[in-house]
Amino acid sequence: MELLVAASIGILTAVGVWLLLRLHSFPVIVGTIFLSYAVNLFLFAMGRLAIDQPPIVDPAVTAYTDPLPQALVLTAIVISFGMTALIVVLALRAFLETGTDRVDGGRDEPPTVADRAGERL
Amino acid sequence: MTPPLPSPATAAIVLPIVLPALTAAVMVLAFRHRRAVQRILSVGAAAALLAVAIGLYAVARDGDVAPYYLGHWPAPFGIVLVLDRLSATMLVLTAALGLAVAIHSLGGWDARGRHFHPLLQFQLMGLNGAFLTGDVFNLFVFFEGMLIASYGLMLHGGGPRRLTAGLSYVAINLTGSTLFLFAVGLIYAVTGTLNMADLAARVATVAPGDEALLRTGALLLLVVFGLKAALVPLHWWLPGAYGAAAGPVAALFMIMTKVGAYSILRVYVLVFGADAGAVAGLAAPYVLPAALATLVVGAAGVLASRTLAALACFAVVWSMGSLLVAFGLFDHAGVAAGLYYLVHSTVAGAALFLLVDVLSPLRGRAADRIVPTPPLPSAALFSGLFFVAAIAVAGLPPLSGFLGKLLVLDATGAAPGAAIVWTVLLGTSLVVILGFARAGSTVFWKTRPAPAAAAGPAAAARPRGGPVAVCAALLAATAALALFAGPVTAELDATARQVFDTAAYRRAVLPPQAAAAAPGAAAAEATP
């Protein structure tokens, strides 16, 4: 299970970083979402992986899982959800006002004459 | 073992967070569409915040480190706010800057979009929380509170340029927040605590096998703080964001970069400081070289700037370099000098941003570009203000920038590699002076005759008294900082001494048994 959790966090992070380095705003947003998923899983795992153990005191059990990461991850989820909503709206507004979805505000090359000729063929 | 109930003085520690939060909520809920009421509330609350901050400074000044246990939970379990001289100094600076920005915005900026004043108050709440908290995860939460408000403020006024810059600003800070969470996760996984005082006691006793994880977490945290402090190579977002933001917003953001510097100081002295065993002095090899690179990049940017806003932004980057050169020494003299420079650079940088904001509309289509224009109305006043601001920012005598630079040079004199530090500091200072001289002479002296038809817009825009008075007041504050340098440096010297007395911090925050587990206190316990 450790390998599975570690591998999924690693893959999510790698995907997030790769998308974050794209030029257009939509992949960047998806990249931040992937990164926030990765970090949420990571925070869960920081209290160590434990199966079938309660986080709340119960006289019948002796072993507990760490309850604090669950509280932390809840905070992190709320914040990253709000931030994702904000950046989506922001990217839409920026696209509508500037007419481009490039994060540097630049424009993609307009189709060249050769491209247009290719379309016609 | 519940902690003692707070006295009225220590109960006031929570006020700098509660007061702006309530003010902002009342403004949004009850006075949403009534700007006049919002203005009165905002300026009133900022003034009250300044009064509270000064009161708290008085408490911190003659007392020890004062904790405030939220919800009355004992220390390592609940969240704790901690007031010491360093956090009180930052509170006073934040409140003073907040008041100046609130008054400046009455000149028209707050009417160019909605919710300026509530966002300003929320930002003040986040800043004050970040300066007061004694818990690493709570620091993350207040960072987020501060950033969320700053996203709104950054976009205030709208327009394509601000939206594009805002998108990058939000994206880079989201990434920074994710890194912060990774770092917090690593530190918690190894130590099992996030309370700074408790962490300070535990990092030294981490199992050797976990040391690499702790080191990784601590250095990730340095990346996050470096990003906030615009430390090279993490500074690229700053000129775009601050340059596109409205004038008063950029002035308020001056304190945001200082949050990064404050966090570096707090965490790498208290938690990963001299007592931290294997992870002691973790940040020291990185901060100073990065700060020197920041100086070079900032100075080059100042010289290459084509607009006054860009000039001010790169001057901020450069001043963060000077500040972190001092903090990067991680010794008493360096921190005392750095704190003086921190206060100075916040005030002077804010004055410069506000001045550019007042000046730009008067220059018609040239706006803030560094090009010759027809003579300005009341050019003598503005060229005078720009001259004073440039002297303050670039660090020429007689204003506080010069003294700050001198203190930093003095503190670095005994450090290894002082020759390099002095060369870079003085060399980049010269470049910054050249940059400001070039900009000032182009903008104010190289006038060209007004074309008859285009005289309209520039002449129609009259300077407004209020915002100009705020700039002048901030510049007067840097002069006062120079005039009263003796008492101010004595105060900051005591502050720096308290910053390094980490044992006192742990004793004040933690209950006696837990504090005794700290490495410093353990020896004292064993002797009787």
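The values are calculated or read from the model by the stated rules, or taken from the named source; none is laboratory data. Quick caveat, the model's predicted, so the values are computed rather than measured. Note: ideal-geometry Cβ built from the backbone for every residue, glycine included; neighbour counts use all protein chains shown. To get the accessible areas, we keep the full protein, side chains included, count just its heavy atoms, and leave off ligands, DNA and RNA. Shrake-Rupley method; radii C 1.70, N 1.55, O 1.52, S 1.80 Å.
One residue stands out among those in segment B:253-273 that are part of a helix (DSSP H, G or I) and more than 13 Å from the chain's Cα centre (by Cα): the one that is nearest to B:LEU214 (Cα to Cα), which is B:VAL271. Among all positions in segment B:70-91, there is no residue which is crowded, with 21+ Cβ neighbours inside 10 Å and within 15 Å of B:VAL37 (Cα to Cα).
Does segment B:330-340 contain any residue that is within 21 Å of B:SER441 (Cβ to Cβ) and open to solvent by 40 Å² or more (accessible area, probe 1.4 Å)? No. Within segment A:66-97, restricting attention to residues that are of a type in the set (Gly, Ala, Ser) and closer than 30 Å to A:ASP52 by Cα, the residue that is nearest to the other protein chains (Cβ to nearest Cβ) is A:ALA76. Against the list (1) under 19 Å from the mean Cα position of the chain (by Cα); (2) within 14 Å of another protein chain (Cβ to nearest Cβ), the condition B:ALA246 fails is (2).
For (1) among the basic types (Lys, Arg); (2) within 15 Å of B:LEU409 (Cα to Cα), each residue gets a yes or a no:
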| residue | (1), (2) |
| --- | --- |
| B:LEU288 | no, yes |
| B:ALA300 | no, no |
| B:ALA304 | no, no |
| B:ALA337 | no, yes |
| B:SER345 | no, no |
| B:PHE353 | no, no |
| B:ARG363 | yes, no |
| B:PRO372 | no, no |
| B:PHE387 | no, no |
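Just to be sure, is A:VAL57 farther than 14 Å from B:SER177 by Cα, away from chain B (no Cβ under 12 Å) and open to solvent by 50 Å² or more (accessible area, probe 1.4 Å)? Considered against the rule, which asks whether it is farther than 14 Å from B:SER177 by Cα, away from chain B (no Cβ under 12 Å) and open to solvent by 50 Å² or more (accessible area, probe 1.4 Å), A:VAL57 comes out as yes. Do we have A:VAL78 as surrounded by 17 or more Cβ atoms within 10 Å (Cβ to Cβ) and either closer than 30 Å to A:ALA7 by Cβ or at pLDDT below 85 (or both) here? No: the conditions fail for A:VAL78.
Restricted to segment B:191-211, and to residues there that are more than 9 Å from chain A (Cβ to nearest Cβ) and under 24 Å from A:THR13 (Cβ atoms), the residue that is modelled with the lowest pLDDT is B:GLY209. Taken over segment B:257-281, the criterion of being open to solvent by less than 10 Å² (accessible area, probe 1.4 Å) and over 17 Å from B:GLY134 (Cα atoms) is satisfied by B:THR257, B:LYS258, B:ALA276, B:VAL279.
Answer yes if at least one residue in segment A:34-44 is closer than 25 Å to B:GLY78 by Cα, assigned to a loop (DSSP other than H, G, I, E, B) and either at pLDDT 90 or above or within 12 Å of chain B (Cβ to nearest Cβ) (or both), and no otherwise.
Taking segment A:34-44 as the starting set, the residues that turn out to be closer than 25 Å to B:GLY78 by Cα are A:39-44.
Those left that are additionally assigned to a loop (DSSP other than H, G, I, E, B): none.
Among the residues of segment A:34-44, not one is closer than 25 Å to B:GLY78 by Cα, assigned to a loop (DSSP other than H, G, I, E, B) and either at pLDDT 90 or above or within 12 Å of chain B (Cβ to nearest Cβ) (or both), which makes the answer no.
Look at (1) among the aliphatic types (A, V, I, L, M); (2) closer than 30 Å to A:ASP108 by Cα; (3) in contact (Cβ under 8 Å) with a residue 12 or more places away in the chain; (4) more than 7 Å from every other protein chain (Cβ to nearest Cβ) and you find that A:VAL30 fails only one, number (3).
Being open to solvent by 10 Å² or more (accessible area, probe 1.4 Å), within 30 Å of B:ARG215 (Cβ to Cβ) and either modelled with pLDDT of 95 or more or small (Gly, Ala, Ser) (or both) holds for only one residue in B:ALA183, B:ALA96, B:ALA171, and it is B:ALA171. The set of residues in segment B:120-140 being assigned to a helix (DSSP H, G or I) and open to solvent by 10 Å² or more (accessible area, probe 1.4 Å) consists of B:PHE122, B:MET125, B:PHE137, B:ASN138. Here the helices (runs of 4 or more DSSP H) wholly within segment B:1-95 that include at least 3 residues being within 20 Å of B:GLY126 (Cα to Cα) and among the aliphatic types (A, V, I, L, M) are B:15-30, B:35-62.
Counted as qualifying within segment B:141-252 are no helices (runs of 4 or more DSSP H), as none has 2 or more residues that are touching a residue at least 60 places away in the same chain (Cβ under 8 Å) and of a type in the set (Asp, Glu).
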